[in-house]
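Below is one structure, written out as structure tokens, with a few remarks after it.
Just so you know, all these numbers are worked out from the coordinates, no wet-lab data involved. Source: prediction; values computed, not measured. Neighbour counts run over all protein chains shown; Cβ positions are idealised from the backbone, glycine included.
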Amino acid sequence: MKELALPGGGSALVVETDGERVTLLAPSASPPGSSLVASFEGTTVRIKVRGSRRVDADAAGRCFRVEGRFVSLERAVRLALTS
């Protein structure tokens, strides 16, 4: 699974993606309609959040499942995240 670095420290794990929509396992919740900014391999990734909910924490302490869609994602980054 791929990891996205978050600006406040920590990371979000990409649980699933089809290149358009994404589901993350994140250390904090994000309200619906907000934009989540992260980085992947040095590139900024923006996600428009559809919703989030608390789940069982993983070993890294990520305990929120965040669902959303990518915004203006470059083709090369999209391919790297889906492969």
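Could you give me the ³J(HN,Hα) list for the stretch 74-83, computed from phi with Karplus coefficients 6.51, -1.76, 1.60 and θ = phi - 60°, whole Hz, x at Gly and Pro?
Values, residue by residue: 5, 4, 5, 5, 4, 5, 5, 6, 8, 8 Hz.
With a sphere of radius 10 Å drawn around the Cβ of Val71, what net charge do the other residues whose Cβ falls strictly inside it have (Lys, Arg +1; Asp, Glu -1)?
Summing Lys and Arg as +1 and Asp and Glu as -1 gives +3.
So what is the 222 nm mean residue ellipticity for the chain from helices alone, if each DSSP H run of at least 4 adds -39500 (n - 2.57) and you divide by all residues, rounding to the nearest 500 deg cm²/dmol?
Estimated from H runs of four or more residues: -2500 deg cm²/dmol.
What net charge do the residues around Ala5 carry, taking every other residue with its C-beta under 15 Å from that of Ala5, with Lys and Arg at +1 and Asp and Glu at -1?
Residues close to Ala5 contribute a combined charge of +1.
Along the charge dipole of the chain, Cβ charges K/R +1 and D/E -1, which of Val15, Phe70, Ala59 sits furthest on the positive end?
So the residue we want is Phe70.
Just grab the label-to-label distance for Ser35 and Val55, each label 7 Å out from Cα along the Cβ direction, in nm (one decimal).
Each label point is offset 7 Å from its Cα along the Cβ direction, giving 2.6 nm.
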